[in-house]
Amino acid sequence: MLQGKTIILGVTGGIAAYKAVELLRLYVKAGAEVHVIMTESAREFVTPLTFQALSGNPVHTELFNLYQEQEIGHISLADRADLFIIAPATANLIGKAANGLADDLLSTTLMATKAPVLLVPAMNVNMYENPIYQENQQKLVDLGYHLLEPVVGELACGWEGKGKLAPVDAILAETELLLAERDMEGCRLLVTAGPTREEIDPVRYLSNYSSGKMGYAIAAVAARRGARVTLISGPCTLSVPPGVERVLVTSALDMHGAVMEAADTADVVIKAAAVADYRPVNRAPQKVKKGDGEQLTLTLTRNPDILADLGTEKGGRLLVGFAAETDDLLKHAGEKLQNKNLDLIVANDVTCEGAGFDVETNIVRFLYPDGRIEALEQMSKVAVAGELLDRIRDMRQRGS
Ligand code: CTP
């Protein structure tokens, strides 16, 4: 996702400096070229050699290092960066940046860069809450610096509170968001994800194995690419992707209501949720007790088909469905495409290894109303999301 991108990672002196090592590893794994600048106090916590070994580039530490200046001076570093991130950023660094002080390599390079800057502060909670700090931080945000706020937790100083460095995967996600090509700007996208739960009584429900990963991946990638995303999600444990508005629902009926309401203002609807087709006719108000008989019969009634309902009042929207099948994949998916009046259906055979529920990858085919079928190889759900959004972008550009 970060292939070909140049990132300057500034590390300042705080306990969380060791987490910058993990962050660097993630950046390199994602394909970025990373140049690390460390302050003098950062070097008290982690040695430059660690960052050098992981980035494959010399670590920059001195403002007046003739050798480094000749090779790749701080101004040229500042010029070639696609993103300048400081993690962890101490109160001192934020204070210096907010007041135009440039007295070491990091603060000087920061002042010289025209790249977007992401600040990820970490410090003691009292320092964080200090109005002087808050004023400095706010000043930088008002000037267009990006900020990933610290999280609440146990701090190295023994205090509990807001001041802990944001988790490295959240920093990576924020970085990807800032560096993504924004080719979906202006698109209002509605995505559904996860299973639904159909309650039997206060302690039991009918559901399915959907993890929500596919729908959440679509929402995350689309937001990264500039779309305005509403994610209507059944119960699952995934966190809300950055920039996405999430609406949590439980049953198919709840999802139906939420989707119908939100669809009015959507340009594209992608239904990745695994919606239960049936619900118990009656939800017992109390826990159902076992009787004497060997069998129990549950009577179910049909839920509305949300996608089919959208298909009958399609307007100018693009409609995309998913078909998770165990047999006769193309036949079943093709029928759903026609019957629900879709523009594209993503078909996958959930019996294949590496496809389906609760795994990280998927093996899918895209089916179109004109009979075309595109078979994609096995790839991560995030990559499938990217391919799908490419097709949607192209369809929108063609006006179909
Ligand atoms: N879908 C929906 N509402 C339902 C059932 C399904 O919106 N009540 C949507 C799903 O989100 C998916 C597509 O329809 O995008 C296909 O769902 P799937 O469960 O594979 O198919 P069904 O139409 O329910 O058919 P069947 O269960 O017979 O395979």
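The values are calculated or read from the model by the stated rules, or taken from the named source; none is laboratory data. Since the model is a prediction, treat every value here as computed from it, not as a measurement. Reconstructed Cβ throughout: ideal geometry from the backbone, glycine too, with neighbour counts over all protein chains shown. With ligands, DNA and RNA removed, areas are computed over all heavy atoms of the protein, side chains included. Shrake-Rupley method; radii C 1.70, N 1.55, O 1.52, S 1.80 Å.
Structure above, values below:
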item	result
Meets criteria (of a type outside the set (S, T, N, Q), away from the ligand (no atom under 16 Å from the Cβ) and not assigned by TED's automatic domain parsing to the domain that holds ARG225) for ASP292	yes
Test: residue in region 266-273 that is within 38 Å of the chain's Cα centre (by Cα), open to solvent by 100 Å² or more (accessible area, probe 1.4 Å) and away from the ligand (no atom under 16 Å from the Cβ)	no
Residue ID - nearest to ALA42 (Cα to Cα), chosen from residues in region 95-110 that are polar (S, T, N, Q) and assigned to a helix (DSSP H, G or I)	SER107
Test: residue in region 319-339 that is touching a Ser or Thr at 6+ places or on another chain (Cβ under 6 Å) and at positive phi	no
Residue count, region 349-374 (criterion: closer than 27 Å to GLY316 by Cα, in contact with a strand residue (DSSP E or B) (Cβ under 7 Å, 6 or more places away or on another chain) and either within 16 Å of the ligand (Cβ to nearest atom) or open to solvent by less than 10 Å² (accessible area, probe 1.4 Å) (or both))	5
Region 305-337 - residue that is more than 30 Å from the chain's Cα centre (by Cα) and not aliphatic (A, V, I, L, M) and, of those, surrounded by the most Cβ atoms within 10 Å (Cβ to Cβ)	GLY334
Yes/no for ALA276 being assigned by TED's automatic domain parsing to the domain that holds ALA193, within 25 Å of the chain's Cα centre (by Cα) and either assigned to a loop (DSSP other than H, G, I, E, B) or modelled with pLDDT under 95 (or both)	no
Residue list for region 188-243, restricted to those being open to solvent by less than 50 Å² (accessible area, probe 1.4 Å), within 14 Å of the ligand (Cβ to nearest atom) and not in a strand (DSSP E or B)	GLY194, THR196, SER210, GLY212, MET214, GLY215, ILE218, GLY234
Residue check for VAL125: touching a Phe, Trp or Tyr at 6+ places or on another chain (Cβ under 6 Å), at pLDDT 90 or above and not assigned by TED's automatic domain parsing to the domain that holds GLY257	yes
